[in-house]
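Only one structure is covered here, and it is reproduced in the block below.
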Amino acid sequence: MTVQFGLSLPFGPPKGQIWHWKETTDTVLGDLTGTFDGIWMTDHFFWGDEPTYEAWTVLAYLAARWPQLHVGPIVLGQSYRNPALLAKMGATLHALTGGRFIMGIGAGWKEDEYHAYGYPYPRPGIRIEQLEDTLEILKRMWTEPGQVTYEGKHYRV
C-alpha cells in the first residue's frame, strides 16, 4: 500500500489581506512540487463574511496548471447541482485530466448557503436519500454505455 498526501486549498483570498490567492497558490504549489499527490478545493459558496471561489472553476485551473496532481472537491454538496449535470461535469474533468479527477461528494449541510442561493434545505434524512440517488446516477452515467435512465426517490434521468 502506498500512502498519498493531498493539499486542501483555502476557500479564497482572506478579507483585508494584501495578497492574491492565485499568485500565492501558484508560488506555494510550485515550491511544494513533488510533496503532494493531489490538490483539493472545498465546495462552498461563502464562509461567513469571507469571500470564496467556485470549486469547479478552480479545479479546472488547478488541473491545467499542475498536470502531475490529482484534483477534486473536498467535499461537494450533492444538491447544489443537478445529478446528471454533475455526472457530466465530473466525466468531462476526468477525461480532460487523463483520469486525475477524484470525486468527493456529500449530502450537504451548510443551511445558510442553501437559502442564500435559493435551494431548498431538506431535513438530513432527505439529503441522504438525495445523495443515494445522486450516487446511483453518477455510477450509471459513468459506467453504462449510451443513454441512461433512472427513476429514484428524488431524482430521475
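Residue-wise test of (1) under 11 Å from SER79 (Cβ atoms); (2) of a type in the set (Lys, Arg).
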{"position": "TRP109", "(1), (2)": "yes, no"}
{"position": "PRO120", "(1), (2)": "yes, no"}
{"position": "ARG123", "(1), (2)": "no, yes"}
{"position": "ILE126", "(1), (2)": "yes, no"}
{"position": "LEU135", "(1), (2)": "no, no"}
{"position": "GLU144", "(1), (2)": "no, no"}
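Of the residues making up region 32-43, those that are part of a loop (DSSP other than H, G, I, E, B) and either touching a residue at least 60 places away in the same chain (Cβ under 8 Å) or of a type in the set (D, E, K, R) (or both) are ASP37, ASP43.
Criterion first (surrounded by fewer than 16 Cβ atoms within 10 Å (Cβ to Cβ) and among the aliphatic types (A, V, I, L, M)) does LEU76 satisfy it? Considered against the rule, which asks whether it is surrounded by fewer than 16 Cβ atoms within 10 Å (Cβ to Cβ) and among the aliphatic types (A, V, I, L, M), LEU76 comes out as no. The single condition from (1) farther than 28 Å from ASP37 by Cβ; (2) surrounded by fewer than 16 Cβ atoms within 10 Å (Cβ to Cβ); (3) among the basic types (Lys, Arg) that ARG127 fails is (2).
Residue by residue, here is whether (1) of a type outside the set (S, T, N, Q); (2) part of a loop (DSSP other than H, G, I, E, B); (3) modelled with pLDDT of 90 or more; (4) surrounded by 13 or more Cβ atoms within 10 Å (Cβ to Cβ) holds:
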| site | (1), (2), (3), (4) |
| --- | --- |
| THR2 | no, yes, no, no |
| GLY30 | yes, no, no, no |
| PHE45 | yes, yes, no, yes |
| LEU59 | yes, no, yes, yes |
| ALA63 | yes, no, yes, yes |
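Note on region 131-157: residues that are of a type in the set (Lys, Arg) and within 21 Å of THR92 (Cβ to Cβ) total 2. I'd like the residue in region 47-57 that is assigned to a loop (DSSP other than H, G, I, E, B), of a type outside the set (Gly, Ala, Ser) and out of contact with any Ser or Thr (no Cβ under 9 Å at 6 or more places or on another chain) and, out of all such residues, is nearest to LEU9 (Cα to Cα). Filtering first and then ranking leaves TYR53.
For the structure I just gave you, tell me whether ALA95 is surrounded by fewer than 17 Cβ atoms within 10 Å (Cβ to Cβ), modelled with pLDDT of 95 or more and under 30 Å from THR33 (Cβ atoms). The answer is yes for ALA95.
The values are calculated or read from the model by the stated rules, or taken from the named source; none is laboratory data. Not measured: the values here are computed from a predicted model. Counting neighbours? That spans all protein chains shown, and the Cβs are built from the backbone with ideal geometry, glycine included.
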